[in-house]
Amino acid sequence: MLKGETRWVYGKGRCFFTDFRTRIGVSQCAKLQKLIRAAGIENIDFKGKFTAIKMHFGELGNCAYLRPNYVHAVADVIRKLGGMPFLTDCNTLYPGSRSNAVST
């Protein structure tokens, strides 16, 4: 640690991972919902609260974005827990179609 540097220590975090392989009859979205429940989403008080789901809506020619069906699966769980989910994105620091919020 450098002199004068502040370091925040929150303790050990847990990381959840899935490879998204499923058995016949089990959808990837159902597996995602199981994963977020295992991660503790049900311990969060969503009742009557707006809940942002931050995602990348994508850019022209880009295929690296979150698939809408996965977002829908997360939003469904939040709704069942009493929350009011909405989607949000953010600007980019590089030039392009998402470089400002007005033109996107």
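The values are calculated or read from the model by the stated rules, or taken from the named source; none is laboratory data. What you see is a predicted model, and the numbers here were worked out from it, not measured in a lab. Here the Cβ positions follow ideal geometry from the backbone for every residue, glycine too, while neighbour counts run over all protein chains shown.
Some notes on this structure:
- Cβ-Cβ under 7 Å pairs, at least 6 apart or on other chains, the range 56-81 side farther than 10 Å from CYS29 by Cα, far side surrounded by 11 or more Cβ atoms within 10 Å (Cβ to Cβ) and of a type in the set (S, T, N, Q): GLU59/SER97; LEU60/SER97; VAL77/GLN33; ILE78/THR51
- Tallying residues that are part of a helix (DSSP H, G or I) and either within 11 Å of VAL74 (Cα to Cα) or among the polar types (S, T, N, Q) (or both) within the range 32-58 yields 8.
- Checklist (1) in contact (Cβ under 8 Å) with a residue 24 or more places away in the chain; (2) within 22 Å of ARG14 (Cα to Cα) applied to LEU35, failing item: (1)
- Within the range 10-32, considering residues that are hydroxyl-bearing (Ser, Thr, Tyr) and modelled with pLDDT of 85 or more, the one nearest to TYR70 (Cα to Cα): SER27
- Odd one out for GLY58 among (1) modelled with pLDDT of 95 or more; (2) under 18 Å from THR88 (Cβ atoms): (1)
- Restricting the range 54-83 to residues that are loosely packed, with under 15 Cβ neighbours inside 10 Å and in contact with a helix residue (DSSP H, G or I) (Cβ under 8 Å, 6 or more places away or on another chain), the residue that is nearest to ARG37 (Cα to Cα) is ASP76.
- All positions within the range 16-31 that are of a type outside the set (Lys, Arg) and part of a helix (DSSP H, G or I): GLN28, CYS29, ALA30
- Any hit, the range 73-89, residues being of a type in the set (Lys, Arg) and either on the phi > 0 side of the Ramachandran plot or at pLDDT 95 or above (or both): yes
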